[in-house]
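The structure appears right after this line, and notes come after that.
A short reminder: the numbers here are calculations on the coordinates, not readings from a lab. In this text, all values refer to a predicted model and were calculated from it rather than measured experimentally. Note that each Cβ is placed from the backbone with ideal geometry, even for glycine, and that neighbours are counted across all protein chains shown.
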Amino acid sequence: MTLVEHAGHRPTVDPSAYVAPTATLCGDVRIGPDARILFGAVLTADGGPVEIGAGCIVMENAVLRGTRQDPLRLGRHVLVGPLAYLTGCTVDDDAFLATGCRVFNGARIGARAEVRVNAVVHLRTVLAPDATVPIGWVAVGDPARLFPPGDHDGIWAVQEGLDFPGYVFGVPRSGNIMPEVSRRYGRALGRHRDDRLLGDQ
């Protein structure tokens, strides 16, 4: 595994956990007892911690990111599938997040919920315990409403009010926002310039 110190924080790994040689842990990342972090996974604390509970499995090439506004937390016995992307979200015990799913900032996934292959749980969405987001579908809102991927108008009707650029980047949605988004996000990511490689363990 590759360990990186970021903003004065070092990853910690419980002795009973397994982290694959090609996984990367950056900053305030805490791996709990009996967790398994597989090959190519990236767990990075970009201003907020990443906490992986006991018995969790994070599979190949998944990316988990904690943010200043929204730390990332997995409860106990959560499985995160290959190529999944989670940022600034909370996932309660025994949830299943399948291959290629996406869970965005401020989202909360209830206990035993399932987010199936390539499904999306959008910004600030609250998915109830035992709920299921079907393959490729999109969950939006609090409480979550489920939409097939082709229902852009239905998704947008809920998503627009969640204000992705305002919530994540602090940029109002008007005109061409990308130069300002790029400037702010680039500045935040630039903090990694001072990271310190702790070496491969």
Worksheet item: Taking square-rooted eigenvalues a ≥ b ≥ c of the alpha carbon gyration tensor, is region 55-150 rounded, prolate or oblate, where a/c under 1.5 means rounded and, failing that, a/b exceeding b/c means prolate?
Response: rounded
Response to the item:
Restricted to region 1-62, the DSSP antiparallel beta bridge percent, nearest 5, is 5 percent
Worksheet item: For the chain, how big is Rg over Rh, using alpha carbon atoms and the Kirkwood form of Rh?
Response: 0.98
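Test of understanding: ordering L64, L38 by Cβ neighbours within 10 Å, fewest first, what list do you get?
Values: L64 27, L38 18.
In order of increasing Cβ crowding within 10 Å: L38, L64.
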Worksheet item: Once the Cβ-Cβ distance between R196 and D14 is put in as r, and R0 is 30 Å, what FRET efficiency do you end up with, to the nearest 0.05?
Response: 0.85
Worksheet item: Taking K and R as +1 and D and E as -1, what net charge do the other residues with C-beta under 10 Å from the C-beta of V138 add up to?
Response: +1
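Place the peptides 166-172, 39-45 in order of packing, highest mean first, counting for every residue the other Cβ atoms within 10 Å and averaging per peptide. Intermediate values should be presented prior to the final figure.
Numbers: 166-172: 15.3, 39-45: 21.4.
Top to bottom by mean Cβ count within 10 Å: 39-45, 166-172.
To the nearest 20 debye, what is the magnitude of the charge dipole of region 2-200 about its Cα centre, counting +1 on the Cβ of each Lys and Arg and -1 on the Cβ of each Asp and Glu? Numbers along the way, then the final one.
Values: 20 positive and 22 negative charges, 89 e Å.
Magnitude of the dipole: close to 420 debye.
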Worksheet item: Which of the peptides 92-99, 72-79, 144-151, 191-198 is most tightly packed, and how do the rest follow, going by the mean number of other Cβ atoms within 10 Å of each residue?
Response: 72-79, 92-99, 144-151, 191-198
Fill in: Amide hydrogen neighbours beyond the local backbone of V133, cut-off 5 Å, H modeled
E114, V115, R116
Worksheet item: Spin-label point model (7 Å from Cα, Cβ direction): what's the M178 to D130 distance in nm?
Response: 4.5 nm
